[in-house]
Amino acid sequence: MRTILKGPWRRTSTGRRPCCSSMCPSSTWMATASSIPGRLTESVGFNVILCFLGSIVINAVLSYPSLPSWIPSPLFPIYIKNIHRNKHGSDSSTFDTEGRFMPVNFEGIFSKYARTVPDKLSFGEMWRMTEGNRMQCDFIGWLTSKAEWTMLYVLAKDDEGFLPRETIRRCFDGSLFEFLAQQRREAHQKKQ
């Protein structure tokens, strides 16, 4: 079964994304640090240190649940076909336990929590959403959810300080980094 979560993530030196079965820390680095080949972190907005630490932490945390066997791998690969195993509690339930996108739950984010602007979330609304999604005694899920949404807010908020619906959808469908790189490229060209 192919889902949004199982899309190809790795890039080659030409910028194409070939199908791959796993993501190692260097692939995570490429996704966060260099969405535009030849340009480093300015393409997405992360700095080099954050990208380095993030690629190690992301792969260290997500690798073991996605492995095809019980034997840990020292290379920390994330197996794309098993990425649905990394779903944590206290999330927005936008994906089900098998990795399928649930549009009704995505729309529920905005119908329940977007009060200032109907198709956008402010930081406070986003924070209340993570509070509303908390599951009892799921401390890891609480922290993970807050960290994910805060990082998304910092990275992708618009000029008015809101997180637009389309940006959040891009995060869920895997096209956010390409979108942010394109925005930064256009902004850089305007300055020149």
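The values are calculated or read from the model by the stated rules, or taken from the named source; none is laboratory data. Since this is a predicted model, take the numbers as computed values, not measurements. No Cβ is skipped: glycine too gets one built from the backbone with ideal geometry, and neighbour counts run over all protein chains shown. These accessible areas exclude ligands, DNA and RNA; they are computed on the full protein's heavy atoms, side chains included. Shrake-Rupley method; radii C 1.70, N 1.55, O 1.52, S 1.80 Å.
Every residue in the range 63-102 that is aliphatic (A, V, I, L, M) and either over 15 Å from the mean Cα position of the chain (by Cα) or modelled with pLDDT of 90 or more (or both), please.
67, 71, 75, 78, 102
Residues checked against (1) open to solvent by 40 Å² or more (accessible area, probe 1.4 Å); (2) farther than 26 Å from residue 83 by Cβ; (3) assigned to a loop (DSSP other than H, G, I, E, B); (4) not aliphatic (A, V, I, L, M):
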{"site": "108", "(1), (2), (3), (4)": "no, no, no, yes"}
{"site": "127", "(1), (2), (3), (4)": "yes, yes, no, yes"}
{"site": "134", "(1), (2), (3), (4)": "yes, no, yes, yes"}
{"site": "142", "(1), (2), (3), (4)": "yes, no, no, yes"}
{"site": "146", "(1), (2), (3), (4)": "no, no, no, yes"}
{"site": "153", "(1), (2), (3), (4)": "no, no, no, yes"}
{"site": "169", "(1), (2), (3), (4)": "yes, no, no, yes"}
{"site": "177", "(1), (2), (3), (4)": "yes, no, no, yes"}
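Please go through the range 126-162 and give me each residue that is in contact with a Lys or Arg (Cβ under 6 Å, 6 or more places away or on another chain) and either touching a residue at least 60 places away in the same chain (Cβ under 8 Å) or farther than 22 Å from residue 50 by Cα (or both), ordered by number.
Correct list: 130, 162.
Within the range 79-86, does at least one residue satisfy the condition of being touching an Asp or Glu at 6+ places or on another chain (Cβ under 9 Å) and not aromatic (Phe, Trp, Tyr)? So that I can check it myself, show each step before the final result.
Kept after step one, since they are touching an Asp or Glu at 6+ places or on another chain (Cβ under 9 Å), are these residues of the range 79-86: 84.
Pick out the ones that are also not aromatic (Phe, Trp, Tyr) and you get 84.
Yes, the conditions are met somewhere in the range 79-86.
A quick yes/no check of all residues on (1) farther than 22 Å from residue 143 by Cβ; (2) surrounded by 14 or more Cβ atoms within 10 Å (Cβ to Cβ):
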| position | (1), (2) |
| --- | --- |
| 53 | no, no |
| 70 | yes, no |
| 105 | no, yes |
| 120 | yes, yes |
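What residue, of 90, 69, is of a type in the set (Ser, Thr, Tyr) and under 21 Å from residue 169 (Cα atoms)?
After applying the criteria, what remains is 90.
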